1. Which net charge results for the neighbourhood of TYR47, defined as the other residues with beta-carbon distances under 14 angstrom from its beta-carbon, given Lys and Arg at +1 and Asp and Glu at -1?
2. Where a Cα-Cα gap under 30 Å defines reach, which lysines qualify for LYS208, not counting those fewer than 8 residues away within the same chain?
3. Treating only the Cβ of Lys, Arg, Asp and Glu as charged (+1, +1, -1, -1), what charge dipole size does region 4-374 show about its Cα centre? Round to the nearest 20 debye.
4. What is the helix-to-structure angle for 12-32, meaning the angle in degrees between its Cα long axis and the longest Cα principal axis of the chain, kept from 0 to 90 and rounded to the nearest 10?
5. Given contacts defined as C-alpha pairs under 8 Å and at least six residues apart, what's the relative contact order of region 1-70, whole-number percent?
6. Only Cα pairs under 8 Å and at least 6 apart count here; give the relative contact order of the chain as a rounded whole percent.
7. Quick one: net charge of VAL319's neighbours, Cβ under 10 Å, K/R +1, D/E -1?
8. How far is helix 314-338 tilted off the main Cα axis of the chain, in degrees rounded to 10, range 0 to 90?
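Just so it is clear, none of the values below were taken in a lab; they were calculated from the coordinates. These numbers were taken from a predicted model, which means no experiment stands behind them. A quick note on method: Cβ atoms are made from the backbone with ideal geometry, for glycine too, and the neighbour counts reach across all protein chains shown.
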Amino acid sequence: MDKVFQYLKGDRVIWVITLLLMTFSLVTVYSFVPILVKVEGGTPFRYLFKHLIYVGIGLGVMYWVHRKDPRYVSLLSKFGFYLAVAILLFTLFFTEGVNQANRWVKVPFIGLTFQASDFARLALIVYVSRLLVKKKDMLANWKEGFLPVILPVIIICGLIVKDNFSTAAILFAVSLALLFLGRVPFSRIGALIGGGVLALTLLILVQKAAPELKLLPRLTTWENRLFNHVEDEANIIENAQVANAQLAIYEGGPLLGRGPGKGKLKGFIPEAYADFYFASFVEEFGLISAVILILLYLILLYRIMRIGLNSKDIFQTYVCIGIGMLVMSQATVNMMVCTGIFPVTGQNMPLLAMGGSAMMMTCVSLGIVLSISLQQEKATATIKKSENNLEPKPILATE
């Protein structure tokens, strides 16, 4: 193990949890994709191989990022923000929608797809963190401090909300938390919340009055999910997902579950490998494994926060806290949806659900955290070395 960690630098606990979850994801993806095989064809091995590619790319990117100086993250944050806006605009106007949602961009030549909002989330958190440091003495000023910080939040969340309300809402909430930590006045945060509610209300009213404009084409779906109102076949399927997910958790209630590959209800949950991952997991692996999984995410969150709070660079602190909240919010929402506490959304389990842009961007995020951890280790080693060099040497008596 020590030989492995000669190459994997930074926080070892984060590395162990990441490798453990991503390795275990290979087992669960193979087990949870029968419904996908029925709908789209192919074999479980086909989807397993595709997921394996994403896992390999994710780990490779994570390793590459964690060996880089975290100062580059700050320097590239503005470019990342503009790139995220460009990709979101391209996705909005030049991609084919699925279920009235334009979320995915297809990578030329290789045939893989990625969700634009996955990159935009990380880009926004990093850019807002940089702006909070840059404008820290002007945040009480509307024009010079506050507006430059909130404008990126409004732009990114505004571009995402049309096709993915849950992601936009979570990202907006995380951004508000960062503004609070950045000591933005409460009056400014309150104004931002009020403005966001007002803007969303106006969009809903316009969509109701003129649906042909398609400002919020998924509004009916959101309403049905929120109020559990069945009006058409699509919503019946969505409600069936929730009912089957809860039944799967009930069936997996015994401590050890049905066993790997023996779940029955996963064949009736269209998103068993992603949005309803937790339900399929509990059915096959039981209550004890579910508790262990929750503890692993909590430990991961603790290590990320610890690294951020130990940093002497406030930008790095903001970035780590933002990444920690993003990862944990995805896992929490997935569990709450499967248990019926939260309306159906498109949030999957980080590092476990069938691979794609979400997994790769989670790996990039953790790579940034590990690069900050590695820098802290180097600084600590340098201080210890300096202290050892300053220790007085004993004077040897001579005759």
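1. On the way: positive: LYS38, ARG46, LYS50, LYS266; negative: GLU40, GLU271.
Summing Lys and Arg as +1 and Asp and Glu as -1 gives +2.
2. LYS162
3. The dipole magnitude comes to about 1220 debye.
4. Between the helix axis and the principal axis of the chain, the angle is about 20 degrees.
5. It comes to 33 percent, rounded to a whole number.
6. 26 percent
7. Working: positive: ARG130; negative: ASP313.
Summing Lys/Arg as +1 and Asp/Glu as -1 gives 0.
8. 30 degrees
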